[in-house]
1. Please identify the DSSP H helices in the chain that span no less than 15 Å along the helix axis (Cα) and have a mean Kyte-Doolittle hydropathy of 0.0 or more.
2. Mind ranking 144-151, 283-290 by how tightly packed they are, going by the mean number of other C-beta atoms within 10 angstrom, highest first?
3. Once you've got the Cα coordinates, tell me which of 95/251; 107/143; 119/264 are over 25 Å apart.
4. Per residue, how much accessible area does the chain show when a 1.4 Å probe rolls over the protein heavy atoms, in square angstrom?
5. Let's see if you can work this out: charge +1 on each Lys and Arg Cβ, -1 on each Asp and Glu Cβ, no other charges. What is the dipole magnitude of the range 217-289 about its Cα centre, in debye to the nearest 20?
6. With +1 assigned to the C-beta of every Lys and Arg and -1 to the C-beta of every Asp and Glu, and no other charges, what is the dipole magnitude of the range 97-141 about the Cα centre in debye, to the nearest 20?
7. What ranking do 65-71, 114-120 get when scored by the average of other Cβ atoms within 10 Å per residue, highest first?
8. Calculated FRET efficiency, residue 198 and residue 283, Cβ-Cβ r, R0 25 Å, to nearest 0.05?
Amino acid sequence: AQSQPTERGRFPMAAAAEDVGVARQAELRRAEGNACFRKARLGAAIDCYTEAIALCPGVAVYWVNRGLCHFRRKDWARVEEDSRRALALDDTSVKGHYLLGCALLEKEECALAVKEFEKALDLLKSSNSGDKMAEDIWQVLAKAKYLDWEKHSTQRVWKMQSLREACENALQEHHFLSGTLSEDSDGTTNEYPDQCKLLSEVFTNAILADTPGDVPDYLCCQITFEIFRDPVITPSGVTYERAILLEHLRKVGNFDPVTREPLKEHQLVPNLAIKEAVQAYLKEHSWAYKSN
């Protein structure tokens, strides 16, 4: 049987060969773009990636790579545009979510940025790779969560103060109408002063709970004194931040920094209890992200 022409008027075999040729040209443009990117020739890299996109617009990595160039230039509108195009093609792109999160953070859309960074971290964990990338994502995630807390904290304090005043006025009005603002003639003490004191304590404690303070020592690494992200426990029973302890083992020696007992990487065990405690603490005290 004869080959039938495609909708574009080409025969299937010829069309396939042409498509392979186009894809090959696109890959060559990407390789050229990567070389320019490594040399910090961002304009040339953008041109190469743009040509690759024109040849094969359905390849997510071309959009991501061009987005990385815009990221270096801090051209956030284009970073957002390219990362969204990349994610529309491949929602599992770690760099795509990272770039979109950074663009949203620059627009002060902190809550949306947090979602993108968390998605990127989840994808990275599932791939079991990219320690350096994980550190970069964690840093911007911590920044986004802190800024989101800071933004809403100011609003919460203002609302809390307004509510306190309203409650105090309502309590005073209640006792005024009841005739119990002062002591009764028979010497009986009324409840108004005690209720005012209790009301003050309630609102003071609520505000303090949202006020930055010291993170509990047991939630912090004994080397960096920063709140844990990935805690591991040694056979000696001491918990450290994984990345910091691994660096110690590589650069200083195979021993526990505190107890000086011999220690190898394979002996480290994730401290899941501390990790859960940290997550619970950060959920209630988002200001603690700033310590990182």
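The values are calculated or read from the model by the stated rules, or taken from the named source; none is laboratory data. Computed from a predicted structure; not experimentally measured. With ideal geometry, Cβ positions are generated from the backbone for all residues, glycine too; neighbour counts draw on all protein chains shown. Surface accessibility is based on the protein's heavy atoms, side chains included, excluding ligands, DNA and RNA. Shrake-Rupley method; radii C 1.70, N 1.55, O 1.52, S 1.80 Å.
1. Going by DSSP H runs, the hits are 42-55, 94-106, 110-127, 192-208, 272-284.
2. The packing order, highest mean first, is 144-151, 283-290.
3. Result: 95/251; 119/264 exceed 25 Å.
4. 61 Å²
5. Once rounded to the nearest 20, the dipole reads 180 debye.
6. With Lys and Arg at +1 and Asp and Glu at -1, about 140 debye.
7. 65-71, 114-120
8. So, using R0 = 25 Å, E works out to roughly 0.35.
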